[in-house]
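The values are calculated or read from the model by the stated rules, or taken from the named source; none is laboratory data. No experiment lies behind these values; they were computed from the predicted model shown. Here the Cβ positions follow ideal geometry from the backbone for every residue, glycine too, while neighbour counts run over all protein chains shown.
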Amino acid sequence: MMMNPAAPPFLDALAAATCRALEQAEIGLPPDVLEVLERAAAAERNPIARRELSNILENIALAGERRVPVCQDTGVPIVYLTVPPDIPVTSELFDGVREGVRRATEAVPLRPNVVDPLTRTNTGDNTGDGMPVIHVQPGDRFCVTVLPKGAGSENVSRIAMLLPSRVGEIPKVVAETVLAAGGRPCPPVVLGVGIGGTFDTAAALAKEALLLPIDRMDDYEQEICDVVNRLGIGPMGLGGDTTALAVKVKTADCHTASLPVAVNVQCWACRRATVEVRR
């Protein structure tokens, strides 16, 4: 369904910004992700792993030159809207984002990945019930941020409801998630870790953590990353020093008797982009 012609003018601008953000995210990776990949390639000691990282960097360069997606799995659209006080949060905002996804599906183009969960009927335009996933938060600027998420990495993500006494085991839980995943998520991976909140909050935090820059980690994130890299899974599961490019952690306060921990796995193609809506 197309937007109502009588809809506010900024909705067309929102659709255009969503389309533009998806194009940027699918065709090129953010500078911090490129920097970390280049750093890993330079430091890698395993010749097979070094070659795989070189192939990844060549793939990224070719995608940019040819204006095509960096991966054939263009994912499902995860969208974060920042809405200033003068913009009403109505269903029309969601219509604008959906229209942008439809435009991007045709223009980029994106692989139509969205299907009914039971009948597996493909909607054909990457929209549908609950798709795209849209998160809305207040802010000073009207912006749309996209995080395309492929299935290979999403399928090996995990949530665990731990006893509070196991807080020291969080790095182990993250490493066990990556070990079970092996080469399936196309490592080296980026790991978003959500700690605290409730069952659903932890999962949301883990995904939001993937929006953070990965070219720097705090001591706790580095500790978890080092534990994961000692697994030796390496690029594409072929062995090597770099299984995880980075670990990013977001936390929220939780019940005194609870310790939710979610791990959202992202492949090396840590795609994200933010575009301001021009009004």
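Structural remarks
- When we screen 74, 18 for residues that are at pLDDT 95 or above, within 21 Å of the chain's Cα centre (by Cα), surrounded by 21 or more Cβ atoms within 10 Å (Cβ to Cβ) and part of a loop (DSSP other than H, G, I, E, B), the only hit is 74.
- Matching residues, the stretch 39-56, being surrounded by fewer than 17 Cβ atoms within 10 Å (Cβ to Cβ) and either more than 16 Å from residue 190 (Cβ to Cβ) or within 20 Å of the chain's Cα centre (by Cα) (or both): 42, 43, 45, 47, 48, 51, 54, 55
- When residue 91 is tested against (1) in contact with a Gly (Cβ under 6 Å, 6 or more places away or on another chain); (2) surrounded by fewer than 19 Cβ atoms within 10 Å (Cβ to Cβ); (3) not hydrophobic (A, V, I, L, M, F, W, C), just one condition goes unmet, and that condition is (1).
- Subset of the stretch 22-41 [small (Gly, Ala, Ser) and under 18 Å from residue 65 (Cα atoms)]: 25, 28
- Filtered residue count, the stretch 266-279, keeping only those that are assigned to a loop (DSSP other than H, G, I, E, B) and surrounded by fewer than 17 Cβ atoms within 10 Å (Cβ to Cβ): 2
Okay, residues lined up against (1) at pLDDT below 95; (2) under 30 Å from residue 230 (Cβ atoms); (3) outside any helix (DSSP H, G or I):
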site: 45; (1), (2), (3): no, yes, yes
site: 48; (1), (2), (3): no, yes, no
site: 54; (1), (2), (3): no, yes, no
site: 59; (1), (2), (3): no, yes, no
site: 81; (1), (2), (3): no, no, yes
site: 87; (1), (2), (3): yes, no, yes
site: 95; (1), (2), (3): no, no, no
site: 118; (1), (2), (3): no, no, yes
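- Selection status of residue 263, in contact (Cβ under 8 Å) with a residue 12 or more places away in the chain, over 22 Å from residue 57 (Cα atoms) and in a helix (DSSP H, G or I): no
- Filter result for residue 162 (modelled with pLDDT of 95 or more and in contact with an Asp or Glu (Cβ under 8 Å, 6 or more places away or on another chain)): yes
- The criterion of being over 13 Å from residue 224 (Cα atoms) and surrounded by fewer than 24 Cβ atoms within 10 Å (Cβ to Cβ) holds for residue 151.
- Looking across 118, 62, one residue alone is hydrophobic (A, V, I, L, M, F, W, C), surrounded by fewer than 21 Cβ atoms within 10 Å (Cβ to Cβ) and over 24 Å from residue 37 (Cα atoms). It is 118.
- Options 243, 251; residue that is in contact with a Leu (Cβ under 9 Å, 6 or more places away or on another chain) and surrounded by fewer than 21 Cβ atoms within 10 Å (Cβ to Cβ): 251
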